[in-house]
DNA sequence: CTAATATTCAATTGATCGCTTGAATACTAT
DNA sequence: ATAGTATTCAAGCGATCAATTGAATATTAG
């Protein structure tokens, strides 16, 4: 076979991965799976899809090698196949935000005036946390925190933040994070903390991006 | 509008970038454009597509913000929109090679027994070149070298390698590179040099990956 | 065993995509 | 102006895709 045809076949095979990413529904499924494995009906509920539709999209992602499945009892749990997949998802978002005006506008609308809160970069947080200068706050639900979180982070789910404020020392800056750049919980947390006199910022990105970058994480017990 | 619908729209807009990458022909076009800007008919000839077809694919890439066009005389020159696009292209290849067995097999078939030549990583080459331990050899055609090349690289196009061997000092190791991981010129060069007694290896990836990683490049004159 | 639950499968519909063909447009050289 | 070249446009065809619907399969609880 000529090298031209071989190269064409090769790129056509690589393109299948991009095709699998070429659907808003599948990108959303991947975002949720980046938090940890999830069952089909959980993913269907989170994305607002029918179960049958979610199942078919998950199978498309599996055929492209982007997710893996594990069966336990009557449930099937899907998860991203590896950190490289999360990084690819992230890279796609970055390019889309920087190259498509429509995406930039949608992000601005979505974040509203919250966009103004300038985020802390992962490397910066890592350095400041090492020196004990900041409290790292995970505002996701308890189960997600327990499955995996940034090393040394404290967990106060966003709906309990007001009642458990006492756990956050006032003198240190708080850096909050949640599920990712399109998750609003850390924005809310920062706003609430600032209103009550804390110095607070949010982490750029969220938990999946941190983990995919190979930065330190830990699980509870 | 509810945040769910906004998020759905946002991801649908991001997915358009992935859709643009979801075609082997467009991935090949991007590979060629990563070397530098190219006219429509040059790209059509390189990929073996009809001119009309290439034009349409290029417009699809432009709608997705991945390439930009410049008109000069009666020709239109297309180029990748930025280094982030090259990095995304690269990330896609990495995921496809690591996650799809079919892609791994096609790569092996394509590279044949050449796959055995273990490549030099970019960071390693940078360090060794700084100490003057290696000769960096660009085996691409002269025009491509002149447009842009790794800083300090020597240019001997692959078809003139035999006749200009004298330009390569025998005692230093040679590291050869070309257009990218699916370009065979550097493999040939390494094989030829080794046969004649040189110590030679090839650079992992190629020129576009080096440039997109922000490593030092320069142009002639 | 039976009922209930979770997931997958199969068939259908409308929409979109990829490629071809042939014509239209834009620019250059003479 | 005219001819030649480069690119884009428009129409058409077959293939693929996304979502819905309803049924089939697999597993657990009682």
Return yes when residue B:179 is within 14 Å of chain A (Cβ to nearest Cβ), touching a residue at least 24 places away in the same chain (Cβ under 8 Å) and closer than 30 Å to residue B:39 by Cβ and no when it is not.
yes
Can you pull out the residues in segment B:107-132 that are free of Cβ contacts under 8 Å to residues at least 60 places away in the same chain and more than 14 Å from every other protein chain (Cβ to nearest Cβ)?
B:113, B:116, B:123, B:124, B:127, B:128, B:129, B:130, B:131, B:132
Output for Cβ contacts, cut-off 7 Å, separation at least six or different chains, first residue within 21 Å of residue B:17 (Cβ to Cβ) and more than 7 Å from every other protein chain (Cβ to nearest Cβ) in segment A:1-20, second at pLDDT 95 or above and part of a helix (DSSP H, G or I), reads A:20/A:26; A:20/A:60; A:20/A:61
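Each row is one residue, and each column tells you yes or no for (1) under 19 Å from the mean Cα position of the chain (by Cα); (2) free of Cβ contacts under 8 Å to residues at least 40 places away in the same chain.
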{"residue": "A:72", "(1), (2)": "no, yes"}
{"residue": "A:81", "(1), (2)": "yes, yes"}
{"residue": "A:86", "(1), (2)": "yes, no"}
{"residue": "A:143", "(1), (2)": "yes, yes"}
Between B:97, B:143, B:118, which is under 17 Å from residue B:183 (Cα atoms) and in a loop (DSSP other than H, G, I, E, B)?
B:118
Just checking, how many residues over segment B:92-127 are surrounded by fewer than 20 Cβ atoms within 10 Å (Cβ to Cβ) and within 14 Å of the chain's Cα centre (by Cα)?
2
Looking at segment A:26-49, can you tell me whether even one residue there is assigned to a helix (DSSP H, G or I), facing chain B (nearest Cβ under 7 Å) and either at pLDDT 95 or above or over 21 Å from residue B:16 (Cα atoms) (or both)?
yes
Can you name every residue in segment A:30-61 that is within 10 Å of DNA strand D (Cβ to nearest atom) and within 14 Å of the chain's Cα centre (by Cα)?
none
For segment B:141-152, does any single residue satisfy the condition of being buried (at least 21 other Cβ atoms within 10 Å of the Cβ) and over 19 Å from residue B:34 (Cβ atoms)?
no
Starting from residues that are part of a loop (DSSP other than H, G, I, E, B) and surrounded by 20 or more Cβ atoms within 10 Å (Cβ to Cβ), keep the ones in segment B:50-80 and report whichever is farthest from DNA strand C (Cβ to nearest atom).
B:65
Only unsatisfied item for residue B:112, checking (1) assigned to a strand (DSSP E or B); (2) at pLDDT below 95, is (1)
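The values are calculated or read from the model by the stated rules, or taken from the named source; none is laboratory data. On a predicted model such as this, the values are computed, not experimentally measured, just so you know. Using ideal geometry, Cβ is built from the backbone for each residue, glycine included, and neighbour counts are taken over all protein chains shown.
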